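Trainee: There's a structure below that I have some questions on.
The values are calculated or read from the model by the stated rules, or taken from the named source; none is laboratory data. Remember, it's a predicted structure, so these values are computed and weren't measured experimentally. Don't worry about glycine lacking a Cβ; one is built from the backbone with ideal geometry, like all the others, and counts go over all protein chains shown. To get the accessible areas, we keep the full protein, side chains included, count just its heavy atoms, and leave off ligands, DNA and RNA. Shrake-Rupley method; radii C 1.70, N 1.55, O 1.52, S 1.80 Å.
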Amino acid sequence: MNTPDPSTDFLTHLPKDRVIAVVRAPEIPDAAALCAALRAGGIRWIEFTRTTPDLVTHLRKAVADGRDGVGAGTVMTAEQAEELIEAGAQYLVTPGCRPAVAQAAAAAGIPVIMGALSPTEVGMALDLGVAAVKIFPARAFGPRHFRDLAGPFPDVPLVASGGVNATNAAAFLAAGARAVCAGSEVVPSAVVAAGDWPELTRRAREFTTSLPPERSPA
């Protein structure tokens, strides 16, 4: 009997939702309420970065309802990967090529979105068997960079991160990104710290409604 590939399942759903909200805040009063607010605005994928204090506790609260889409980002070492997976992270995100993180995640059956910028780094990430490659910072070269990468890497799931907002997100998707990361424009640390969940929902909805209709499969 074949074992399901977690990366395949991951890539079945992420391109349909197309947005990952990146939470980088010094204080989170209620991680579960934060996730509910983003989902109410149409964002199901939520990445809690490791730079957030007490991340393990927040992750456990965020996954307590059993919903999918909660991951951990800024993961740098195998030890961090293992701790975050144990806390319930359903996928990991790295800022650059981190072989030890890829190995730890593979051992646990958890998909990884690995950071890269150049074609060389994209190739390195692919060699590590990651589920998707995060082009970071996407603002460095803009949407055209994704069109250029599509030449040598036509089938690689690319995610745009860094400098993506409601004004340019559609352009990154049109240029070939499978998904985009919504950062401080959607999840400002002050709004999170205040627990202003209706405002978070409003921002998430504003971002998701700026995107073009989902593309039909070829």
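Trainee: Name the helices (runs of 4 or more DSSP H) wholly within segment 1-92 that hold at least 1 residues that are within 12 Å of the chain's Cα centre (by Cα)?
Mentor: Output list reads 6-17.
Trainee: Regarding segment 111-128, can at least one residue be identified that is more than 18 Å from the chain's Cα centre (by Cα), small (Gly, Ala, Ser) and more than 21 Å from THR12 (Cβ to Cβ)?
Mentor: Taking every residue of segment 111-128 in turn, at least one turns out to be more than 18 Å from the chain's Cα centre (by Cα), small (Gly, Ala, Ser) and more than 21 Å from THR12 (Cβ to Cβ).
Trainee: With within 12 Å of the chain's Cα centre (by Cα) and either of a type in the set (Lys, Arg) or under 23 Å from LEU34 (Cα atoms) (or both) as the only criterion, which of SER184, SER189, SER161 stands out?
Mentor: Among SER184, SER189, SER161, only SER161 is within 12 Å of the chain's Cα centre (by Cα) and either of a type in the set (Lys, Arg) or under 23 Å from LEU34 (Cα atoms) (or both).
Trainee: Is it the case, given these coordinates, that ALA125 is under 19 Å from ALA179 (Cβ atoms) and in a helix (DSSP H, G or I)?
Mentor: yes
Trainee: Inspect segment 91-98 for any residue being out of contact with any Ser or Thr (no Cβ under 9 Å at 6 or more places or on another chain), surrounded by fewer than 24 Cβ atoms within 10 Å (Cβ to Cβ), at pLDDT 95 or above and more than 23 Å from ILE135 (Cβ to Cβ) and give the result as yes or no.
Mentor: No.
Trainee: Given (1) farther than 21 Å from GLY115 by Cβ; (2) at pLDDT below 95, identify the lone condition not met by GLU185.
Mentor: (1)
Trainee: Filter segment 48-66 down to the residues that are open to solvent by 10 Å² or more (accessible area, probe 1.4 Å) and among the small types (Gly, Ala, Ser) and list them by number.
Mentor: ALA64, GLY66
Yes/no matrix, rows are residues, columns are (1) touching a Leu at 6+ places or on another chain (Cβ under 9 Å); (2) open to solvent by less than 10 Å² (accessible area, probe 1.4 Å):
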| site | (1), (2) |
| --- | --- |
| ILE46 | yes, yes |
| ASP68 | no, no |
| THR77 | no, no |
| ILE85 | yes, no |
| ALA105 | yes, yes |
| ALA108 | no, no |
| VAL112 | yes, yes |
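Trainee: For residues that are part of a strand (DSSP E or B) and touching a residue at least 40 places away in the same chain (Cβ under 8 Å), tally how many sit in segment 100-114.
Mentor: Count: 1.
Trainee: Sticking with this one: Pull out all pairs, ordered by first then second residue, where Cβ-Cβ is under 6 Å, the residues are six or more apart or on different chains, the first lies in segment 176-199 and is more than 30 Å from PRO152 (Cβ to Cβ), and the second is among the aliphatic types (A, V, I, L, M) and modelled with pLDDT under 95.
Mentor: SER189/ALA25; VAL192/ALA25
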